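Before any comments, here is the structure.
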Amino acid sequence: MYAVETQNLIKKYGKTYALKGLDFTVNPSEIMVLLGPNGSGKTTLLMTLATVLKPTSGLAKVMGFDVVKYPTKVRQILGDFISRCKGLLETQASGDSAISCCNVRDQEERTQRCD
């Protein structure tokens, strides 16, 4: 199971593509960074993964749950993760926070590493 998975993810606003055929996976022990110029779809992707926006077509999953079919479960997973990391994000440098959040998330699974 992937932490995040998309397959041919498309989000259109009228005739304009915000996301066009996006395919990627993120393993539970990985940290992913989204980089790109304004208007490249970073916020649209995050809003889709957070179930705020529905994709036009394609598949988006968080921890194995389809964001369209199981939005409540996806929100629960994201809320739990964010609540565990909230204090860390306010007190540490961004790189340290990301690693600490990953460590908090994986503390039950000591066999996985967060590099």
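The values are calculated or read from the model by the stated rules, or taken from the named source; none is laboratory data. Bear in mind the structure is a predicted one, so any value in this text is a computation, not a measurement. Because the Cβ atoms are built from the backbone with ideal geometry, glycine has one as well, and the counts that use them run over all protein chains shown.
Please verify whether VAL4 is among the β-branched types (Val, Ile, Thr), at pLDDT 90 or above and in contact with a helix residue (DSSP H, G or I) (Cβ under 6 Å, 6 or more places away or on another chain), treating the condition exactly as stated. Reasoning before the result, please.
Values: among the β-branched types (Val, Ile, Thr): yes; at pLDDT 90 or above: yes; in contact with a helix residue (DSSP H, G or I) (Cβ under 6 Å, 6 or more places away or on another chain): no.
When the stated conditions are applied, VAL4 does not pass them.
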Anything in the range 46-60 that is surrounded by 14 or more Cβ atoms within 10 Å (Cβ to Cβ) and modelled with pLDDT of 95 or more? List them, or say none.
PRO55, THR56, GLY58, LEU59, ALA60
When PHE81 is evaluated against the numbered criteria (1) of a type in the set (Phe, Trp, Tyr); (2) more than 14 Å from the chain's Cα centre (by Cα); (3) in a helix (DSSP H, G or I), which criterion, by number, is the only one it fails?
(2)
Checking the structure you have, find out if any residue of the range 50-62 is hydrophobic (A, V, I, L, M, F, W, C), in contact (Cβ under 8 Å) with a residue 60 or more places away in the chain and out of contact with any Pro (no Cβ under 9 Å at 6 or more places or on another chain).
no
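Output the number of residues of the range 50-63 satisfying the condition of being in a loop (DSSP other than H, G, I, E, B), under 12 Å from the mean Cα position of the chain (by Cα) and of a type outside the set (Val, Ile, Thr). Walk me through it before giving the result.
Start the filter on the range 50-63 by keeping residues that are in a loop (DSSP other than H, G, I, E, B), which leaves 50-56, 63.
Keeping just the survivors that are under 12 Å from the mean Cα position of the chain (by Cα) gives 50-51, 63.
If we keep only those that are of a type outside the set (Val, Ile, Thr) as well, we get 50, 63.
So the answer is 2.
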Does any residue of the range 61-70 turn out to be of a type in the set (Lys, Arg), modelled with pLDDT under 90 and either exposed (fewer than 15 other Cβ atoms within 10 Å of the Cβ) or more than 23 Å from LEU9 (Cα to Cα) (or both)?
no
